[in-house]
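Here, each number is a calculation from the coordinates, and none is a lab measurement. Keep in mind that what you see is a predicted model, and the values were worked out from it rather than measured. Quick reminder, even Gly has a Cβ in these numbers, built from the backbone with ideal geometry, and neighbours come from all protein chains shown.
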Amino acid sequence: MTETFSDKIIGYFSPRTLVERKKARLLSETLEGFSKRSYDGASYSHRLKNWYTPRTSANVETKISKFPLRDRARDLVRNNPHASRAINVIVNNTVGAGIVPQIRCKNDQKRLKIEALWSEWANTAAIDQEGRHERRRGRCAPSLLGSLS
C-alpha cells in the first residue's frame with residue numbers, strides 16, 4: 001500500500017486521521033481481495049486447461065462405459081488380493097455380526113426353547129447351501145458395492 005499525496009497532507013495536519021484512513025484502506029483492499037477469490041478448482045489456470053469437465057450427470061457419462069468398468073472391477077476383485085481384501089473389509093464392517101436375536105423372556109425354559117428353535121432355523125440348509133444364515137448376509141452386502149463379487 002503506497003502513500004498518496006493526499007495522505008501526506010492529511011498526515012501532516014492530523015496523524016490520527018492518517019492512521020484511520022490507512023486502516024480503512026487496508027480493510028477495503030483485504031475485502032476486495034476476498035471477493036476476487038474463488039475456488040481453485042473453478043479457475044482456468046495452466047494446470048487445469050486440459051481437464052475435460054462435461055456438464056452431464058454421472059449416469060450419462062457412464063452409460064456407454066459402465067459395462068467395461070463393471071467387468072474390470074469384477075476382474076480386479078477376482079485377480080487382485082488387495083481389491084478382494086477391500087471388498088471383504090467393507091462387507092465385514094458393514095454386515096458385522098448381523099442379526100443377533102435377543103430373546104427376553106422371564107421364563108428361562110421358554111427362552112431356551114425359543115433360542116433352540118432360532119438356532120435350528122438359522123443353521124438349516126433352507127437358508128443357503130452351506131446351511132448358514134450369516135453367509136447370506138455376506139453375499140447381499142457386496143451388491144451395495146456394485147455387484148463386484
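Before moving on, here are some points about what is shown:
- Projected label points at R55 and S43, each 7 Å from Cα along the beta carbon direction, are separated by 2.4 nanometres.
- Peptides 53-59, 111-117, 25-31 ordered by packing proxy, namely the average of other Cβ atoms within 10 Å per residue, highest first: 111-117, 25-31, 53-59.
- FRET efficiency for I90 and T30, using Cβ-Cβ distance with R0 set to 35 Å, rounded to 0.05: 0.15
- Sequence-ordered 3J(HN,Hα) estimates for region 16-24 from the Karplus curve with 6.51, -1.76 and 1.60 and θ = phi - 60° stand at 4, 5, 4, 4, 4, 5, 5, 4, 4 Hz, glycine and proline given as x.
- Extension gain, A116-S65: 0.36 nm per intervening residue step, less the Cα-Cα distance, totals 13.3 nm.
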